[in-house]
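Contents: one structure, followed by commentary.
The values are calculated or read from the model by the stated rules, or taken from the named source; none is laboratory data. These numbers come from a predicted model, not from an experiment. Please note: Cβ atoms are built from the backbone with ideal geometry, for glycine as well, and neighbour counts cover all protein chains shown.
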Amino acid sequence: MRLGWTLLCCGLIACGKSKPPQQPPPTEVTSPLPSDHPPVDTVPSNAPSRQPGRLSITQLRGSFPVALGNDVNGKPITWQVGVAPQLQSGFDVYARTLGEADFADLTEDNREPSPVYVKFMDDAARSGCDQALTADKAQTDAKKRTLLRYVSLTDTPTTNPTGFTKNLAYLKLRLHGVKVTDDTTLEPLQTLFSQAGQGSTTPVEDGWRAVCVALLTAPEFHLY
């Protein structure tokens with residue numbers, strides 16, 4: 001035992017005496033600074049950049065109510081699972097499966113993309129968009145609607161082309177934070193709207209539901 005401790009101590013001492021690898025000296029910032037401000041070192045050129053990451057479950061819990069507003073009962077919209085009246089938040093039920101740390105078996109959130117994450121986020125988007133559409137149908141004041149801000153469920157791209165395009169641009173800004181400056185970038189969403197309503201008894205509602213789900217499952221919503 002004494003020999004083992006001796007070897008361990010010698011190893012630690014040897015490691016302590018070893019010199020760390022030489023790093024290139026930082027360069028000083030040449031931009032103007034206040035006269036009483038000390039020099040500021042720049043970040044070394046070999047510093048690794050942060051890789052894109054997906055939203056954590058905590059961030060998703062907070063993002064859904066902001067993106068989708070309140071349901072028909074005035075409660076913040078979230079991913080619902082189960083059968084009424086015993087509905088639960090999917091972000092709570094599947095938190096561990098989606099990588100949220102429990103600080104017992106997992107001490108850090110796992111934010112790696114996976115097929116399971118993609119599948120559950122599709123379920124979450126459908127649940128959230130259904131609730132938002134139901135709330136919008138019951139809301140007569142267009143300014144208080146979440147998805148149908150500039151259109152109604154009777155408007156189509158033919159009957160109200162200006163409102164239709166304006167509503168698509170509004171949803172792109174609301175859900176992705178992207179301000180549309182070229183209406184041609186909305187053409188894929190316009191095509192999706194038309195295709196989703198084909199053969200349906202509620203083509204306009206199904207079209208907007210498809211657009212909502214597409215925006216909520218797009219990388220722009222989940223990666224940062």
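For the range 152-176, enumerate the residues that are in contact (Cβ under 8 Å) with a residue 24 or more places away in the chain and closer than 18 Å to Leu68 by Cβ.
Correct list: Leu153, Leu168, Leu171, Lys172, Arg174, Leu175, His176.
Restricting to the range 74-89, name every residue that is at pLDDT 95 or above and closer than 12 Å to Gln131 by Cβ.
The initial filter retains those residues of the range 74-89 that are at pLDDT 95 or above, namely 74-81, 88-89.
Result: Gly74, Lys75, Pro76, Ile77, Thr78, Trp79, Gln80.
How many residues are of a type outside the set (Gly, Ala, Ser) and surrounded by 16 or more Cβ atoms within 10 Å (Cβ to Cβ) when one looks only at the range 88-108?
Result for the range 88-108: 4.
Does Leu171 fit the bill of being more than 15 Å from Phe221 (Cα to Cα) and either modelled with pLDDT under 95 or crowded, with 16+ Cβ neighbours inside 10 Å (or both)?
No: the conditions fail for Leu171.
So is Leu186 in contact with a Ser or Thr (Cβ under 8 Å, 6 or more places away or on another chain), of a type in the set (A, V, I, L, M, F, W, C) and either surrounded by fewer than 17 Cβ atoms within 10 Å (Cβ to Cβ) or without any contact (Cβ under 8 Å) to a residue 40 or more places away in the chain (or both) or not?
yes
Can you list the helices (runs of 4 or more DSSP H) found entirely within the range 51-159 that contain at least 3 residues being closer than 25 Å to Leu192 by Cα and among the β-branched types (Val, Ile, Thr)?
Once the helices (runs of 4 or more DSSP H) in the range 51-159 are filtered for at least 3 residues that are closer than 25 Å to Leu192 by Cα and among the β-branched types (Val, Ile, Thr), what remains is 115-138.
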